[in-house]
Amino acid sequence: MAHPAHGLPAIPVALSSASVYPLAVHDAFALAQDLGYDGVEVMVTNNSVSQSPDQLNVLSERYEMPILAIHAPTLLLTQQVWGKAWTKIELSAAMAAEVGARTVVTHPPFRWQTGYAEEFPEGIARVAAEYGVEIAVENMYPWKVRGREAKAYLPHWNPVPEPYERITWDFSHAAIAGMDSYEEMRALGDRLAHVHLTDGTPNGKDEHLLPGQGQQRCAEALEHLAGAAWDGVVAVEVSTRRARGAGEREEWLAETLRFARSHLRH
């Protein structure tokens, strides 16, 4: 069965631009094409290209790589991008619609974003409907200060119990939180919209390891998605910052793509 948006496999494997950091957005498109990925997830940062639908469409056409998701600038490190919280969501949804991406990934509100947090479930549903996209809230993890949990998100770092229609699942975040991704993804059912394929260990660090290098049941989770005829996108979001040059970065990203496809039965 083909993915309806672009004639892709039933479960496309995208390369997140976060996986090539600190390289530029165009490097993500070039690597995705070279390695045979099905598309790209663009994380919006202070990089001007990541904020421009026109420039992203040019890259998509040049490299023949569809943009399958937009990651809104809702990280702590991107708080200055696109100003106010709702502006970030609105512009991300508008850009997703303009570049043909079905999914917008966003983090839960931070605790200091009180007004935004109170309106968040209804607000993202409204924006999603307005732009014809889905907004999938990502699972995060508890922050700890001097060994004690600090409340960083409102109402919580775990989006599963909240009234969000669509969820993005990240294996590295689950590892920090001590959650079993395989069981959580099975329980989410149709609420699961998008997956960040990576791995991690419960050591308190957001490691974004290659799948198989941590303790999450990545292979079983992907096999479950394939067996369940899931229709979302698996986006590779691994850290390659410690790669020794371009060759090793490409090797890691190729290895992760092979892992994904082998367990998705492509």
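The values are calculated or read from the model by the stated rules, or taken from the named source; none is laboratory data. This one's a predicted model, so the numbers in the text were calculated from it and none came from an experiment. Every residue, glycine as well, gets a Cβ built from its backbone with ideal geometry; the counts of neighbours run over all protein chains shown.
Give just the number: which of (1) closer than 19 Å to VAL13 by Cα; (2) at pLDDT 95 or above; (3) in contact with a Phe, Trp or Tyr (Cβ under 9 Å, 6 or more places away or on another chain); (4) outside any helix (DSSP H, G or I) does SER239 not satisfy?
Exception for SER239: condition (2).
ARG148: over 29 Å from LEU209 (Cβ atoms) and either in contact (Cβ under 8 Å) with a residue 40 or more places away in the chain or more than 18 Å from the chain's Cα centre (by Cα) (or both), yes or no? Step through it out loud before you land on a result.
On the way: over 29 Å from LEU209 (Cβ atoms): no; either in contact (Cβ under 8 Å) with a residue 40 or more places away in the chain or more than 18 Å from the chain's Cα centre (by Cα) (or both): yes.
Taking the combined requirement at face value, the residue does not satisfy it.
Restricting attention to region 47-76, report how many residues are under 10 Å from MET95 (Cβ atoms) and under 15 Å from the mean Cα position of the chain (by Cα).
4
Within region 14-39, restricting attention to residues that are not aliphatic (A, V, I, L, M) and not in a helix (DSSP H, G or I), which residue is surrounded by the fewest Cβ atoms within 10 Å (Cβ to Cβ)?
Selected residue: PRO22.
Determine which member of the set GLU130, GLU118, GLU122 is among the acidic types (Asp, Glu), within 19 Å of ILE89 (Cα to Cα), at pLDDT below 95 and part of a helix (DSSP H, G or I).
Just a single option satisfies the conditions, and that option is GLU118.
Could you tell me which of the residues SER52, SER92 is at negative phi and touching a Ser or Thr at 6+ places or on another chain (Cβ under 9 Å)? Outline the logic, then answer.
Working: SER52 fails: touching a Ser or Thr at 6+ places or on another chain (Cβ under 9 Å).
The unique qualifying residue is SER92.
Is region 153-167 home to any residue that is modelled with pLDDT under 95, on the phi < 0 side of the Ramachandran plot, crowded, with 19+ Cβ neighbours inside 10 Å and in a strand (DSSP E or B)?
So far as region 153-167 goes, yes, one or more of its residues are modelled with pLDDT under 95, on the phi < 0 side of the Ramachandran plot, crowded, with 19+ Cβ neighbours inside 10 Å and in a strand (DSSP E or B).
I'm checking my understanding of the structure. Among residues of region 105-145 that are within 19 Å of the chain's Cα centre (by Cα) and among the acidic types (Asp, Glu), which one is surrounded by the fewest Cβ atoms within 10 Å (Cβ to Cβ)?
Looking at the filtered set, the residue picked out is GLU138.
Quick one: GLU183 ticks every box in (1) surrounded by 16 or more Cβ atoms within 10 Å (Cβ to Cβ); (2) outside any strand (DSSP E or B) except a single one, so which number is it?
(1)
Could you look through region 188-238, keep only residues that are closer than 21 Å to VAL20 by Cα and among the charged types (D, E, K, R), and pick out the one that is nearest to the chain's Cα centre (by Cα)?
Only one residue tops the list, namely GLU237.
Within region 74-99, track down each residue that is at pLDDT below 95 and not small (Gly, Ala, Ser).
Passing the criteria: THR74, LEU75, LEU76, LEU77, THR78, GLN79, GLN80, VAL81, TRP82, LYS84.
Going through GLY245, GLY200 one at a time, which residue ends up being buried (at least 24 other Cβ atoms within 10 Å of the Cβ) and either out of contact with any helix residue (DSSP H, G or I) (no Cβ under 9 Å at 6 or more places or on another chain) or without any contact (Cβ under 8 Å) to a residue 40 or more places away in the chain (or both)?
Going through GLY245, GLY200 in turn, the sole match is GLY200.
Based on what the data block shows, is ALA221 in a helix (DSSP H, G or I), in contact (Cβ under 8 Å) with a residue 12 or more places away in the chain and surrounded by fewer than 16 Cβ atoms within 10 Å (Cβ to Cβ)?
For ALA221, the condition - in a helix (DSSP H, G or I), in contact (Cβ under 8 Å) with a residue 12 or more places away in the chain and surrounded by fewer than 16 Cβ atoms within 10 Å (Cβ to Cβ) - is not met.
Going by the structure shown, is ARG102 more than 23 Å from SER19 (Cα to Cα) and either modelled with pLDDT of 95 or more or among the hydroxyl-bearing types (Ser, Thr, Tyr) (or both)?
On the way: more than 23 Å from SER19 (Cα to Cα): no; either modelled with pLDDT of 95 or more or among the hydroxyl-bearing types (Ser, Thr, Tyr) (or both): yes.
Answer is no for this residue.
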